[in-house]
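Peer 1: Below: one structure in C-alpha cells.
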Amino acid sequence: MDWTAFALTLKLAFWTCVLILPIAVVLARWLAWRRFTGKSFVEALVMLPLVLPPTVLGFYLLVGFSPESRLGAFVATLLGEPLVFTFAGILVASIIINLPFAVQPIQRAFEAIAPNVREAAFVSGLSPIETMRRVEIPLAWPGIASAFALVFAHTLGEFGVILMIGGSIPGETRVMSIAIYDGVQAFRTADAAVMSAVLLAFSFAAIVMVHMLARRRSDAHAH
Amino acid sequence: MPMPTKPAPLLVTLQQAGQIPLDVEITCNPGELLALVGPSGSGKTTVLRSIAGLYRPAAGRIVSGDQVWFDAAAGTMVSPQARATGLVFQDYALFPHLTALENVKLAARHLDEPLRTAQAAGLLARVNLDGLEARTPDQLSGGERQRVALARALARDPKVLLLDEPFSAVDRTTRERLKVELSTLHRSLEIPIILVTHDLQEAEALADRIAILHKGRTLQSGPPDDVRLRPVSALVARLMGQTNIFEGEVEQVSKARSSGRIRWRERVVHAATTGRFTRGERVTWLIPADYVVLKETSPSAGKGQVEKLPGKVIDFTGLGEMTLLTIRIGTDAADVLRLTIATREARLLKPGSNVTVSLLAEGIHLMPSEN
C-alpha cells in the first residue's frame, strides 16, 4: 500500500472539490436560467470531458501548459513553476475533466427551483445575493452535495489525464490509480489489490451517497 | 422600527404594443380594494408584475404617493426590493425549505430581532395560523399556504398589496372562508389592495371598485354595481357576465331625457333613461337578469309602464337553490332572456311552459350599437 499516493489522491480530490464547486455553482446557475444564443455550444463544451478520451485532453493540456507554449510560459511565470509534471498541473486538469460531473447535478437542481420562488424573494426585499444565499443555495443543496460526491469519487479514479500531464512522480503526481498501474507493472500484485479495494470502497460509498441525495431531492419535490 | 409611512394612493398607467399589449389606467386609493377583472390572457398578471417591479412595460408610469416606481419616459425603474409591495402569487410561491414562521420572517428583514419574530408571529396569528408556525409548506393545506403567502406579503409593511388569483388553487369551501377572511383583513388595512381575478362574483363580493381588463386594455372602472348595470359597451356587459343584450332602435325620448321607448323588433320596451342617445338611433340595450320579472301566464296583476311580453320556457339549468331559466320571447331564436329564479318556484314550470315577463324600465341600459 502506497500511503504517499493515498494521501496525494485524497489531497487532489479535496482541492478539486473545493475549487470546482464555486465555479460549477456559478456556471450551472447561469446555464439553468439564462437564455442566450450559443447556450447549446457552452453546454456541449462543459459536457465534452465526459466523452473525450482522457489521454486526448491530457495531450492538449500537456501541449498547452508546456513552458514552450505561450500560455504555459505565462502560467509558469505567474505561478513560479510550470503546470506540467506538478501537483498544480494535475489539479487544473482534474478540475477541467470533472466539470460535467459538477455542473450537471447542480444545473438540474437550479432548474427545479420555480422562477416565482426567486421572484417572491425579490418582492420580499431580498437582494439577488441574499436570494442566492437564503433561497437558491439551500434549495439546490442536494444537487451541490451530489456534485461533491461525484467529483470526489471520480477524482479518486482519474488516471489517463494525470498520467499524461503529471507522469508518476511520488508525492507530486503519483496518485492511487497510477500507483496501482505501477504496482501491476512491477509485479507487486498484492499492493495493487489492496489499493484497488480501497478505491472500490470509496467509489461505491460516493455513489450510494449520490443516490440517497437524489431520492431526498425527488421526495422534496413530490409535495 | 421605521415610522409607519402615510398610506398613499397608487396610480398606474401602462402602454405597450406587441406580444403582450397593454393600455392600462388604474388608480387605487388607500384602504380601497380594486378588482382587476378579465378573462385569462387579458394581461391581468402582467399588470400586477409591472406594479411589483418584476416586469418592465414599454411605456407608462407607476406612482405610489410621492414615490415614482416606474417612469418609462424618465428611465426610472425601481427594483422590486425597493418598492415595498406585498405580492401573493397565484401558486403562493412559498419558500419550500422554510417553516411558515421563517417564510414570513424572511420578508420582515427591515425589522431587527426581536421585532422581526414578533411581526411574523403576529401576522400568522392575524391570518388564523397560530399553532402552525413550525410547519413547512408541504405540511400545510392549500388554504393554509395561501394564508402564509398573505402573511408574508404583509410582513414588510408594504405600500400596496397585490393578490394574483389568490383563491384559484383551493377548494370551494376553503375559498368561501378565505374570502370572508380577506374581507375582514381589507377593513383593517389602510393601503391600496389590487385583486386580480377572472371570477366576477369574487370581484363583486370583495371589491370597492372593479376595473375591466380586455386584451390588455382597461375598458371601464367603477363601483361593482355601476360596471354591472351601466357598462359603457356591449363588450363590457358581456365581460360582466350579462347575457340579456339586444339590438334596438330609440323610438321616443322624453323632453327631459328621463325616459324613452325602444323598438325591439315588433315590440316596444320602456326605458327609464335613454342617456345620450337620440330618437332614431340604433342602440344595443341591456336588461340585467335581476330586472326581469317573471309571471306565469295567468290573469296578470298590475298595470303600469311595464310591457308584458309573452314567452316560452325553453331551458332549465339547476344551480342549487337557484335555477337559471332560458325564455324565448316571440318566435325569433335570438330573442332569449336568461334569469335566475328560486328553484322552488322553477318546479312549477316545465319546458314549453308559457310565461309572461316584464322588463323593469329602470333596468334598461342603452349602449352604442354593436353593428
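Peer 1: Taking the stated definitions as given, is A:Pro138 within 12 Å of chain B (Cβ to nearest Cβ) and at pLDDT below 90?
Peer 2: no
Peer 1: Six or more apart or on different chains, Cβ atoms under 6 Å: show the pairs whose first residue is in the stretch A:1-17 and on the phi < 0 side of the Ramachandran plot and whose second is open to solvent by 40 Å² or more (accessible area, probe 1.4 Å) and of a type in the set (D, E, K, R).
Peer 2: A:Ala5/A:Arg174
Peer 1: Separate question: Determine which single condition A:Leu200 fails, assuming it passes every other condition in (1) open to solvent by 60 Å² or more (accessible area, probe 1.4 Å); (2) closer than 16 Å to A:Ala13 by Cα; (3) modelled with pLDDT under 90.
Peer 2: With respect to (1) open to solvent by 60 Å² or more (accessible area, probe 1.4 Å); (2) closer than 16 Å to A:Ala13 by Cα; (3) modelled with pLDDT under 90, A:Leu200 is out only on (3).
Peer 1: List the number of the failed condition for A:Gly166; all other conditions in (1) more than 14 Å from chain B (Cβ to nearest Cβ); (2) buried (at least 20 other Cβ atoms within 10 Å of the Cβ); (3) within 28 Å of A:Met212 (Cβ to Cβ) hold.
Peer 2: For A:Gly166, the exception is condition (3).
Peer 1: When you scan the stretch B:295-313, do you find a residue that is of a type in the set (A, V, I, L, M) and modelled with pLDDT of 90 or more, even just one?
Peer 2: Checked the stretch B:295-313: at least one residue is of a type in the set (A, V, I, L, M) and modelled with pLDDT of 90 or more.
Peer 1: Now for a separate question. Name the one entry in A:Phe148, A:Phe159 that is among the aromatic types (Phe, Trp, Tyr) and in contact with a Phe, Trp or Tyr (Cβ under 9 Å, 6 or more places away or on another chain).
Peer 2: Just a single option satisfies the conditions, and that option is A:Phe159.
Peer 1: From the list B:Leu162, B:Leu150, which one is of a type outside the set (Asp, Glu), at pLDDT 95 or above and within 20 Å of B:Thr197 (Cα to Cα)?
Peer 2: B:Leu162
Peer 1: While we're looking at this one, here's another question. With the checklist (1) at pLDDT below 95; (2) under 27 Å from the mean Cα position of the chain (by Cα); (3) buried (at least 17 other Cβ atoms within 10 Å of the Cβ) in hand, flag the one item B:Ser168 doesn't pass.
Peer 2: So the condition that B:Ser168 fails would be (3).
Peer 1: Okay, moving on. Here's a check for you: in the stretch A:145-160, which residue that is open to solvent by less than 10 Å² (accessible area, probe 1.4 Å) and more than 10 Å from the chain's Cα centre (by Cα) is nearest to the other protein chains (Cβ to nearest Cβ)?
Peer 2: The selected residue is A:Ser146.
Peer 1: Sort out which residues of the stretch A:169-191 are part of a helix (DSSP H, G or I) and open to solvent by less than 50 Å² (accessible area, probe 1.4 Å), and write them in order of number.
Peer 2: A:Met176, A:Ser177, A:Ile178, A:Ala179, A:Ile180, A:Asp182, A:Gly183, A:Asp191
Peer 1: Same structure, new question: Looking only at residues that are over 17 Å from B:Ser141 (Cβ atoms) and at the interface with chain A (Cβ under 9 Å from one of its Cβ atoms) in the stretch B:94-103, which one is surrounded by the most Cβ atoms within 10 Å (Cβ to Cβ)?
Peer 2: Taking the candidates together, the pick is B:Phe95.
Peer 1: Determine, yes or no, whether B:Gly142 is open to solvent by less than 60 Å² (accessible area, probe 1.4 Å), under 27 Å from the mean Cα position of the chain (by Cα) and within 14 Å of chain A (Cβ to nearest Cβ).
Peer 2: yes
Peer 1: Turning to a different aspect of this structure: Considering the stretch A:73-99 alone, what residues qualify as being touching a residue at least 40 places away in the same chain (Cβ under 8 Å), surrounded by fewer than 23 Cβ atoms within 10 Å (Cβ to Cβ) and under 17 Å from A:Val151 (Cα atoms)?
Peer 2: Of everything in the stretch A:73-99, those that are touching a residue at least 40 places away in the same chain (Cβ under 8 Å), surrounded by fewer than 23 Cβ atoms within 10 Å (Cβ to Cβ) and under 17 Å from A:Val151 (Cα atoms) turn out to be A:Leu91, A:Ile95, A:Ile96, A:Leu99.
Peer 1: For the stretch B:343-360, what are the residues that are under 29 Å from B:Thr273 (Cα atoms) and open to solvent by 20 Å² or more (accessible area, probe 1.4 Å)?
Peer 2: B:Thr356, B:Leu360
Peer 1: Something else about it: Restricting attention to the stretch A:104-129, report how many residues are at the interface with chain B (Cβ under 10 Å from one of its Cβ atoms) and either under 11 Å from B:Gln81 (Cα atoms) or outside any helix (DSSP H, G or I) (or both).
Peer 2: 12
Peer 1: Quick one: what pairs do we get from the stretch B:87-108, first residue under 17 Å from B:Gln119 (Cβ atoms), second crowded, with 24+ Cβ neighbours inside 10 Å and among the β-branched types (Val, Ile, Thr), C-beta under 6 Å, 6+ apart or different chains?
Peer 2: B:Ala100/B:Val148; B:Asn103/B:Val148
Peer 1: Suppose we keep only residues that are modelled with pLDDT of 85 or more and in contact with a His (Cβ under 9 Å, 6 or more places away or on another chain) within the stretch B:274-290. Which one would you say is farthest from B:Asn371 (Cα to Cα)?
Peer 2: Looking at residues that are modelled with pLDDT of 85 or more and in contact with a His (Cβ under 9 Å, 6 or more places away or on another chain), I get B:Pro288.
Peer 1: Name the one entry in A:Ser66, A:Ser40 that is under 15 Å from A:Gly166 (Cβ atoms) and open to solvent by 10 Å² or more (accessible area, probe 1.4 Å).
Peer 2: A:Ser66
Peer 1: Between a residue in the stretch B:52-72 that is within 20 Å of B:Pro30 (Cα to Cα) and any residue that is aromatic (Phe, Trp, Tyr) and modelled with pLDDT of 95 or more, which pairs come within a Cβ distance under 6 Å, given they are 6 or more apart or on different chains?
Peer 2: Close Cβ pairs (under 6 Å, with a partner that is aromatic (Phe, Trp, Tyr) and modelled with pLDDT of 95 or more) amount to B:Ile62/B:Trp69; B:Ile62/B:Phe70.
Peer 1: Would you call A:Val56 farther than 26 Å from A:Pro142 by Cβ, over 21 Å from the mean Cα position of the chain (by Cα) and not in a loop (DSSP other than H, G, I, E, B)?
Peer 2: In short, no.
Peer 1: Please state which of the following conditions B:Ala334 fails to meet, knowing it meets all the rest: (1) assigned to a loop (DSSP other than H, G, I, E, B); (2) open to solvent by 70 Å² or more (accessible area, probe 1.4 Å).
Peer 2: Evaluating B:Ala334 over (1) assigned to a loop (DSSP other than H, G, I, E, B); (2) open to solvent by 70 Å² or more (accessible area, probe 1.4 Å) leaves (2) as the failure.
Peer 1: Moving on to the next point. Could you grab me the full set of residues in the stretch B:318-339 that are modelled with pLDDT under 90 and among the polar types (S, T, N, Q)?
Peer 2: If the condition is that a residue be modelled with pLDDT under 90 and among the polar types (S, T, N, Q), then B:Thr331 is the only one that fits.
Peer 1: For B:Ala121, state whether it is open to solvent by less than 50 Å² (accessible area, probe 1.4 Å), in contact with an Asp or Glu (Cβ under 7 Å, 6 or more places away or on another chain) and more than 11 Å from every other protein chain (Cβ to nearest Cβ).
Peer 2: In short, yes.
Peer 1: Take the residues in the stretch B:65-82 that are within 14 Å of another protein chain (Cβ to nearest Cβ) and over 13 Å from A:Glu119 (Cα atoms); name whichever of them is surrounded by the fewest Cβ atoms within 10 Å (Cβ to Cβ).
Peer 2: If we take residues in the stretch B:65-82 being within 14 Å of another protein chain (Cβ to nearest Cβ) and over 13 Å from A:Glu119 (Cα atoms), then B:Ala82 is surrounded by the fewest Cβ atoms within 10 Å (Cβ to Cβ).
Peer 1: Would you mind finding the one in B:Ala205, B:Ala153, B:Ala149 that is surrounded by fewer than 21 Cβ atoms within 10 Å (Cβ to Cβ) and in a helix (DSSP H, G or I)?
Peer 2: One residue alone meets the criteria, B:Ala205.
Peer 1: For the stretch A:118-138, give me each residue that is open to solvent by 10 Å² or more (accessible area, probe 1.4 Å) and within 21 Å of B:Asp157 (Cα to Cα).
Peer 2: Hits for the stretch A:118-138 are A:Arg118, A:Glu119, A:Phe122, A:Ser124, A:Gly125, A:Ser127, A:Pro128, A:Glu130, A:Arg134.
Peer 1: Quick test of your reading of the structure: B:Asn128 fulfils all but one of (1) farther than 27 Å from B:Ser233 by Cβ; (2) away from chain A (no Cβ under 14 Å); (3) assigned to a helix (DSSP H, G or I); (4) open to solvent by 20 Å² or more (accessible area, probe 1.4 Å). Name the failing condition by number.
Peer 2: B:Asn128 satisfies all of (1) farther than 27 Å from B:Ser233 by Cβ; (2) away from chain A (no Cβ under 14 Å); (3) assigned to a helix (DSSP H, G or I); (4) open to solvent by 20 Å² or more (accessible area, probe 1.4 Å) except (3).
The values are calculated or read from the model by the stated rules, or taken from the named source; none is laboratory data. Just so we're clear, the structure is a prediction, and the values are computed from it rather than from any experiment. With ideal geometry, Cβ positions are generated from the backbone for all residues, glycine too; neighbour counts draw on all protein chains shown. Protein only, heavy atoms only, side chains kept; ligands, DNA and RNA dropped before computing areas. Shrake-Rupley method; radii C 1.70, N 1.55, O 1.52, S 1.80 Å.
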